[in-house]
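Novice: One structure coming up, written as structure tokens, with questions to follow.
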Amino acid sequence: MTREEFIKVLDDKGYSYEIEGNKVIVTHKGNVDLRDLTSLPPGVVFKNEEGVNLNSLGLLSPDVDFKNGGSVWLNSLTSLPPGVKFMNGGDVYLRPLVGGDFNRWSGNIRDIDSNRLLNKMISLGLFDKKR
């Protein structure tokens with residue numbers, strides 16, 4: 001998907017966003033439901049107040065950031081490239097990769113924030129099937 005196509009989807013759905021350099025920052029006040037999208041362009045930052053549903057997404061660009069206030073649903077992804085960052089306020093659902101919600105994954109380490117562990121695993125390329 002191109003950046004222009006993504007911006008059109010945001011406009012059509014009435015989701016607010018800002019453009020800063022090469023980044024499209026989604027700033028919508030509520031949930032962002034993009035469950036029908038199968039790809040995103042590079043340089044997307046989700047900074048909306050609630051959840052992000054991307055359940056049909058088959059590919060994720062390495063420079064997508066999740067800084068939204070709620071959960072993130074990515075239940076069709078089979079890999080996560082290094083560079084993706086999760087700084088969201090809720091759970092991260094990665095059913096094909098860890099069997100469900102990463103925050104409840106049995107491999108989590110007590111007293112270590114699950115998103116911090118997830119980001120470290122992503123940075124090491126542990127979810128990148130291309131390696």
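The values are calculated or read from the model by the stated rules, or taken from the named source; none is laboratory data. Given the structure is predicted, the values throughout are model-derived calculations rather than measurements. Note that each Cβ is placed from the backbone with ideal geometry, even for glycine, and that neighbours are counted across all protein chains shown.
Novice: Between a first residue in the stretch 38-51 that is of a type in the set (Val, Ile, Thr) and a second residue that is part of a loop (DSSP other than H, G, I, E, B), which pairs have beta carbons less than 7 Å apart while being 6 or more apart in sequence or on different chains?
Specialist: Going by the 7 Å Cβ cut-off, the qualifying pairs are Thr38/Ser56; Thr38/Leu57; Thr38/Gly58; Val44/Val64; Val45/Lys67.
Novice: List the residue pairs whose Cβ atoms are under 9 Å apart, where the first residue sits in the stretch 88-101 and is within 18 Å of Gly125 (Cα to Cα), the second is part of a helix (DSSP H, G or I) and among the polar types (S, T, N, Q), and the two are 6 or more positions apart or on different chains.
Specialist: Val92/Asn103; Val92/Ser114; Val92/Asn115
Novice: Please list, ordered by first then second residue, the pairs with beta carbon atoms under 6 Å, 6 or more apart or interchain, first in the stretch 9-34 and within 17 Å of Asn55 (Cβ to Cβ), second among the aromatic types (Phe, Trp, Tyr) and in a strand (DSSP E or B).
Specialist: Final answer for the pair search is Val26/Tyr17; Val26/Phe46.
Novice: Under the condition of being under 23 Å from Pro62 (Cα atoms) and not charged (D, E, K, R), which residue from the stretch 109-122 is surrounded by the most Cβ atoms within 10 Å (Cβ to Cβ)?
Specialist: Per the stated criteria, the residue is Leu118.
Novice: Quick one: in the stretch 58-82, which of the residues that are surrounded by 21 or more Cβ atoms within 10 Å (Cβ to Cβ) and modelled with pLDDT of 95 or more is farthest from Met121 (Cα to Cα)?
Specialist: It comes out as Asn68.
Novice: Also: Scan the stretch 99-113 residue by residue and report those that are within 15 Å of the chain's Cα centre (by Cα) and assigned to a helix (DSSP H, G or I).
Specialist: Phe102, Asn103
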